[in-house]
Structure formats: structure tokens, C-alpha cells
Amino acid sequence: MPLFKTFKITQPKEYYEKFLEKDVRPDNRELGEFRPTVLNIGCVTTAEGSSLVKLGNTSVICGIKAEVAEPASDGKKGYLVPNVELPPLCSTNFKPGPPSELAQVLSQNMVDFLTDSKCVRLEDLCIVPGKLVWSLYIDLVCLDFDGNVMDACTLALMAALRNTLLPVVTVDEDSGEITTDVSIHQKLSISKCPVSTSFIIFDKKILLVDPTSEEEDLATGALTIITEGDNLCSIYKPGGTPLTDTQMKTCIDRAFLRGREAERLIEELIDK
Amino acid sequence: MEASRICVPGQRLCRVDDMHVPGNGTYASDGFIYSSILGYWNERVNSESKEKVIDVLNSYAQTVIPFINAIVTARVTNINPRYCKCEILTVGDKPLSDFYRGLIKKEDVRTTEKDRVELYKCFRPGDIIIARVISLGDAQSYILSTAENELGVIIGMSQDGIKMVPTSWCKMQCPKTLNEEFRKVAKVQKEYIRIAEHFF
Amino acid sequence: MPTDTRRITGPETSRSPYDYCQIEISKEENQNELIKSDKKRKDGRLAAQLRPIFLKANVISQARGSSYIEMGQTKVICAVYGPREVMRREDFSLKGQLTCDFKFTTFSCRQRRQHQQDNQEKDLSVQMLEALEPAVCLHKYPKSQINIYATVLQNDGSALSAAIMCASVALATAGIEMYDLVLASSLGVLNTVLLVDPTLQEEENIANETGKSPQNAGTMTLAFLPSLNQVSAMTSDGQFLFDMINKSMQQCIENCQKLYPVLQQCLVEDVKEKANLTHA
């Protein structure tokens, strides 16, 4: 029905309202329903750790390259360097060149996600105190931008960290010479599994979980909740329409549910 | 069965001769007809010349760009006394992969009293219009025209942001405030009445 | 080095742990090592054997056309956008524009790559464009541009030919009018040995030999329009004796012809899949 398509382009908001009146979204989901989540690890063998996450159409690939570096002011702390790339490949919204504003925001979100949840202790990345530490370059490349890249990124990030294998690096005490043994590998010690859940606010009252990019374009506000097991890690609400107490409570409950679901997904995959 | 044969670009389809001529999605080279897109083989008979026209059709991946004489749907973006700028959303009923810029000059708005046209009494930013492409224009915009009864504003927003109802060829009324605003209203075709009933 | 304010930066300097390996992996660099005594290569292939190919169309929902290719461990994803309006203000043109953007992800190679496009990537972008441009009916797209973005997720040699074929499939699924599909094949030559579809290690070994002896030592990539029987682009690195160039090109064309059914099959499957979706 071509006229139907025209209606969607000329009046996207009215198009959505017609669906939401009946508590359903154009892709047949309920308002609180996530898209099918597909997780894959170890897909890039040139990286020390890698994962691919698909949330419906949205897909993000994560690759972790480990390098060795000197610690800052003879400390014991290693480095975690997450960067989110939104290349022109993934959507018409992005042009070639330096990272877009959204990419910068997402990269900073990843830093906050890692530091707030303390899922990787930076001290664990120490090889020789004061001399040599690991620096993990975590690059998240969005391959298909169909909304909720934040949740796809955090999931990909956690899966890739769990998948990471580092070669054993030793430093000779006398000569200071560094040697790498590629025959043995060690895993990163990760105790926690934080999960993010994102919502958008449509038409100043309706909350939608796991928005597609069309839904994000129409949103009057957004909300991301990060949970870890039974704990609430952080809530990120960058302006937009204000929310009531009850609405906030609903979102938090939904986020806990999603948190356990995503955690189980990662565990199942790692056990394989 | 040839009718449902799938062709890939560059596939040789048949010889060019008195009876076979290349149609859409094909090209002729060295006496042969080749497919130029991915799609289905289709044959139709030209009623005048009785030649068989070979097409390759693909309804899933049609690339369309505005062409001269095409009827387009566009959203008005800004207006000044000399011209009105808009972004073209669809060509016919086919959505564009990305919006193209269009421009309506003051003299192309309507057929009568061309010199007395006041553009801000014809269009407002945000209005959805139907127009005809009259020229490929310059490096930036296509030149559009609404100088036909069937062309002009189809969806007009009042100052309160409410969809207005057409009352005459040059006026629309806001159903909430009952204020009348000037527009170059399109004489709505039957098909649009059908969607209007369906959705609004 | 200037600091990148738009990205999260790590320590000022860091090195790959593999720089400190005691047994240098790439020290065994002579012809005898490229082809072992049982006439097989390191990965068990014969000299004239291609790696298995996996090709899938329509992998990116936001793009007009897209595809993903795996040749052994080499993995490339490609998206086509357009035809769309030319953004930069340029002269009126009745012919469409084609652009190519080739990128390695930072984790695609053994050594970590930078975020910004480096010279090698710019070079490969141009080579890709040259291979694809002759196949696209640009006169059908006045005032418009068609953008091709190729990203290498993992590089294990022959990335350029993988990207060209991937882009050619993506263009076809985008419904862009083309004179023909574009196939591509790479080849490494060391002395008298021709290695088809070389891996990254083979490419590196050959590059190390270049200039050390007056013999052949180089790699070649050739793009081919199978139906029209035309070569759209040919690029080579290193040194080739005159006879060898002809022989290598012949071999590349042969390989391209072997790959043609793979691309055809992939596109036919794609059309069928879409037809099923709309009927369901």
C-alpha cells in the first residue's frame, strides 16, 4: 500500500500515534518489549577479545586490542580506553570525518559505565607495579544504526571483556627486558556484569523500551538505567520531558528484569 | 518459465532485433540486450510497433530520483518573497532514499494572476505539498511548480499546530480556533480523500 | 602527536605485546616456506586454490544496499547509500558521482590501527573506486551521488579484492543500474611461484622479499567485468618480470570467472528471500 508509506514519511508522528493508541508498535512489539538479542563472541581473531551484538537490526561489533604501556606516576593502574565509532556505513545520519557528537557522548557513556560499575579493577591490569601495565583499547563499531546503540554497546563491551585472552608478559628484574609468551593465555578477572536498559519518552507520556531509530527521532526525552544484579548502578536522563515517580519506578523494574535476562545470555554463551 | 527468471546486472538476456527492444532496467550493447539491475525478467508487447520490450523489474529495490514532469510530495522548509524552499520526500508514491532540495519560484505557484502572488499567503513552513518538477535546476535545487488545480498544499498546519481543513482553493480553516489562513490549496484527488478517511 | 579531543585517549605511548615475542613469527621468509614440501601452503591450500567464500547480501537495514563477505579469515562489510543529493556545493552535473570509503577497523590487523583514515586506506579507497566506476551507469543519476563504505573487520590478506566484490553485490542489491557485476582477485608472486588469494602473512613475506633479488616478488589485484569480458582495474605492488605480468593477469581473470557463480547465487537468493518476505 504505497499511500501508507507516503503517510509514514510525511507525518511520522501521526503514523506512530495510530499504532500507540492500540498499545502496539509498528514492528509488532509491545511498549515494554525488547527486540530479539543475538550475541556472538570471538568473531575477530586478530583482536584479543571480540563480540558482535544484534538488537533487532541494530548491530555493534566490539574488538579489544591489548597493548603494554608505562603506568601513570609509578602506579598499579592499567588503562581502559573505550571508543564508540558511528561510521557513515551504519546510517545516513553520519558523514565521514571526526566522530559525531553522538559518538562522543556514547564513548563517554562507556567510560562512565566502566568506572561506575567497577566491573574491571584497573589494578588487575598491572603487569609489574610502577613499570608495566596493560592498556586495553576497546573499540565499538556500529555496523547498523537502528536505535538503542547504547544498550547494544554495553552488552558488546561486557561480552568482549569476558572473551578477552591476554598473552603472558614478563619483565626480567635485572635487565628490564620484556618477553611475551604467546603459548599461554590468561583471562581477565571480571566479577560483575552490569547491564544497561534504555527507554524513550514519546509524546510526553508514553514510555518505550529499546527504541528503534525512527522512535528515537520522535522522542521527547530519553532515559538509560544501568543495573548490576540486584543493585542499581546509575540512571542517566539527559533532559527532555520530566517523569513522574511511578513512571520512574516502572522503568527501574523493567531494567532489573532486562538486567537478569542479559546476564543470563552472556553466561550461557561463555559457558559454551 | 521465463517470466519469473531472476537476472543479475550484466546478464545477457537476448539479441536486439526487429522484434526485441531493450526496456527498463536493461541496456543494449554489441547487438545484445543486457540486464542493468537485479530483478525479474519481464516481457511486454508495445501496442504500436508490436515489438517485444524486454524489462528487468525489481519492486524491492527501486532507486528513484526526481525527473522532469514527475509529481512529487515535498515539505516546505522556508519562504521568502521571491521563492519557497522545500525538501522533496517522494517521487510519485516512491519514497526517496534521501531528501532532495526543491524550489518553487513566485511565478510558478499558480496559473492565474501570477504577478499578484504573495508567497506567504500560499505556503507556510511545515506544510506538505504536491508539486511537479519543471526543471533539474542548478547545482542545488530542483525547480518545482504548483501551477495546476491538483497541485499545492495537501496538509496545512495552522498557527496552533493543528491540521487544517480546506474551505476554498485559497483558504484553509483551523478546526480548533476556526481561524482561516491563506494557502494555495490542492484540489484533492480521490485517493487522498481515501487515506484521509482512513487515518484522520 | 596531537591529542584527539573527540575521542577517549589512553597512555601516550603503548606497544603491542607481540613486539616482545622471542620467536619472531615472520622470520621464516623464503620461498621454501611459502610452499612446503608437500606442495601445500601454510594453511593447507594448493598454490592455485582459493579460500572458501561466504557471501551474504542485505546485512545493514539502514543502507540502500549492503553485503558481507568472508574469504577465509578476511571479513569485510560494505554499505551503499544513495542515490542522494550532492551535499557539497559543486557545479551542476548531469552525471552522477560515485565515492568510495575504505576503512580498516582498529582491531582488524595484528598491530592496532588508528581511527583516522591513513594513507594506505586512502589509497585503497581510490583503487576500489577505479575498479567499480566503469561498471556503474552514472548517467542515470544526474545531480546525485552514490556512496560506498567498506569496512574491514578482520584482515587476513586480499582485503581489496574482497571489498570490491562486496561493494559490487551491495550496489546490485541497492538497485543501482550497472553494466556488469565487478569481480576481483588477488595474487602473490615470488620467483616462479604464483600464490592465489594470498593470506596476510604471505603478502608480508612477499613484500619483505621485494628488492632483494631481481626475480619476481609482488602482489597484484585485478578487477574484472565477467559478462563484458573487460578488465576494469589492475594494480600491482613489488616487481614483476614482463612475462609474469601476463601470466598473473590470466590467472586472476580465471579466478574471477570461478567466483562469478558465487556472486550470482548470492544475488538470486537475496531476491527470492525478499519475495518470500512480502508474500508472508
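Only the coordinates and a few stated rules stand behind these numbers; no lab work does. Predicted model, so just to flag it, every value in this text is computed and none were measured. Neighbour counts are summed over all protein chains in view; Cβ atoms, including those assigned to glycine, are modelled from backbone coordinates with ideal geometry.
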Original post:
At A:Glu17 and B:Phe67, where each label point lies 7 Å from the Cα along Cα→Cβ, what is the point-to-point distance in nanometres?
Top reply: 3.7
**OP:** Among A:Ser117, A:Ser191, A:Ser234, determine the one that fluctuates most according to a GNM of chain A built with springs between C-alpha atoms less than 10 Å apart.
**Re:** A:Ser191
Original post:
Any idea which of B:Asn69, B:Gly23, B:Ile33 is furthest toward the positive side of the dipole for segment B:1-116, if Lys and Arg beta-carbons carry +1 and Asp and Glu beta-carbons -1?
Top reply: B:Asn69
**OP:** Counting residues in chain C as N, plug N into 2.2 N^0.38 Å and put the Cα Rg over that result.
**Re:** 1.07
**OP:** Can you check what the net charge comes to around A:Gln104, using other residues whose Cβ is under 12 Å from the Cβ of A:Gln104 (Lys, Arg +1; Asp, Glu -1)?
**Re:** -1
Subject >> Ordering of C:10-17, B:12-19 by packing [mean C-beta count within 10 Å, highest first] >> reply: C:10-17, B:12-19
Subject >> Whole-Å semi-axes of segment A:85-164's equivalent ellipsoid (Cα gyration tensor) >> reply: 28, 14, 11
**OP:** Provide C:Ser67, C:Ser144, A:Ser189 in ascending order of the number of other Cβ atoms located within 10 Å of each residue's Cβ, fewest first.
**Re:** A:Ser189, C:Ser144, C:Ser67
Subject >> Length added when fully stretched, C:Phe54-C:Arg6, from 0.36 nm per residue minus Cα-Cα >> reply: 13.7 nm
Subject >> Placed amide H near A:Leu143: partners under 5 Å, 5+ positions off or other chain >> reply: A:Ser59, A:Val60, A:Ile61
**OP:** Pop out the ³J(HN,Hα) list for segment B:94-106 in order, Karplus 6.51 cos²θ - 1.76 cosθ + 1.60 with θ = phi - 60°, rounded to Hz; leave Gly and Pro as x.
**Re:** 9, x, 7, 6, 8, 6, 10, 7, x, 9, 10, 7, 3
Original post:
Hey, any idea what the orientation-averaged projected area of the convex hull of chain B's Cα atoms comes to, in nm²?
Top reply: 15.0
Original post:
Relative contact order (percent) for chain B, with alpha-carbon contacts under 8 angstrom and 6 or more residues of separation?
Top reply: 13
Subject >> Principal-axis tilt of helix C:119-132 within chain C, Cα atoms, nearest 10 degrees >> reply: 50
**OP:** Distance check, please: which entries in A:Lys13/B:Lys187; B:Lys114/B:Lys187; B:Lys94/C:Lys143; B:Lys114/B:Lys176; A:Lys187/C:Lys56; A:Lys95/B:Lys187 exceed 29 angstrom between their Cα atoms?
**Re:** B:Lys114/B:Lys176; A:Lys187/C:Lys56; A:Lys95/B:Lys187
Original post:
Around B:Trp169, which amide H atoms from residues at least 5 apart in sequence, or from another chain, sit under 5 Å from its own amide H, with H modelled in the peptide plane?
Top reply: none
Original post:
Taking neighbour counts of Cβ atoms within 10 Å as a proxy for exposure, in what order, fewest first, do A:Thr10, C:Thr210, A:Thr197 appear?
Top reply: C:Thr210, A:Thr10, A:Thr197
Subject >> Local net charge near C:Glu12, Cβ-Cβ under 13 Å (Lys/Arg +1, Asp/Glu -1) >> reply: -2
Subject >> Over segment C:34-147, volume per residue of the alpha carbon convex hull, in Å³ >> reply: 152
**OP:** Report the charge-dipole magnitude of the protein assembly as shown in Debye, nearest 20, computed about the Cα centre from +1 at each Lys and Arg Cβ and -1 at each Asp and Glu Cβ.
**Re:** 2260
Original post:
For segment A:85-132, what ratio Rg/Rh do Cα atoms give with a Kirkwood hydrodynamic radius?
Top reply: 1.21
Original post:
Roughly how large, in nm² to one decimal, is the mean projection of the convex hull of the alpha-carbon atoms in the protein assembly as shown?
Top reply: 39.5
Subject >> Viscosity 0.692 mPa s, temperature 37 °C, Stokes-Einstein D of segment C:123-192 from Kirkwood C-alpha radius, µm²/s >> reply: 247
**OP:** Could you list B:Lys187, B:Lys163 in order of exposure, starting from the residue whose Cβ has the fewest other Cβ atoms within 10 Å?
**Re:** B:Lys187, B:Lys163
Original post:
Label-point separation (nm) for C:Gln215 and A:His185, each offset 7 Å from Cα along Cα-to-Cβ?
Top reply: 3.6
Original post:
Which residue, A:Glu216, A:Glu228, A:Glu14, has the most motion in a Gaussian network model of chain A that connects Cα atoms within less than 10 Å?
Top reply: A:Glu14
Original post:
Taking N as the number of residues in segment A:187-272, what value does Rg over Cα atoms divided by 2.2 N^0.38 Å take?
Top reply: 1.21
**OP:** Distance check, please: which entries in B:Lys52/C:Lys274; C:Lys103/C:Lys247; A:Lys76/A:Lys118; B:Lys105/B:Lys184 exceed 21 angstrom between their Cα atoms?
**Re:** B:Lys52/C:Lys274; C:Lys103/C:Lys247
**OP:** Under 13 Å from the Cβ of C:Cys100, count the other residues' Cβ atoms, weight Lys and Arg +1, Asp and Glu -1, and hand me the total.
**Re:** -3
Subject >> Nitroxide proxy distance, nm - points 7 Å out along Cα→Cβ at C:Ala207 and C:Tyr18 >> reply: 1.3
Original post:
What average number of partner chain Cβ atoms lie no more than 10 Å from the Cβ of the residues making up A:50-62?
Top reply: 2
Original post:
Residues with amide H under 5 Å of C:Thr74's amide H, sequence separation 5 or more or different chain, H placed in the peptide plane at 1.01 Å from N; which?
Top reply: C:Asp156
**OP:** For chain A, evaluate the Debye formula with one uniform point scatterer on each Cα (no solvent term) and list log10 I(q)/I(0) at q = 0.15 Å⁻¹, rounded to two decimals.
**Re:** -1.12
**OP:** Rank A:Ile190, A:Val68, A:Met248 by how far each Cα sits towards the positive end of the charge dipole of chain A (+1 on Lys, Arg Cβ; -1 on Asp, Glu Cβ) and give me just the farthest.
**Re:** A:Met248
Original post:
With charges set only on the Cβ (+1 for Lys and Arg, -1 for Asp and Glu), what does the dipole of segment C:160-280 come to about its Cα centre, in debye to the nearest 20?
Top reply: 160
**OP:** Kindly state, to the nearest 0.05, the FRET efficiency for B:Arg44 paired with A:Asp203, given R0 = 45 Å and r defined as their beta-carbon distance.
**Re:** 0.40
Original post:
Counting alpha carbon pairs within less than 8 Å and at least 6 residues apart, what relative contact order, in whole percent, applies to segment C:134-212?
Top reply: 33
Original post:
Once you average over the residues of A:65-72, how many Cβ atoms of partner chains fall within 10 Å of each Cβ?
Top reply: 6
**OP:** In Å and from the alpha-carbon atoms only, list the Rg and Dmax of segment A:1-153.
**Re:** 20.1, 68
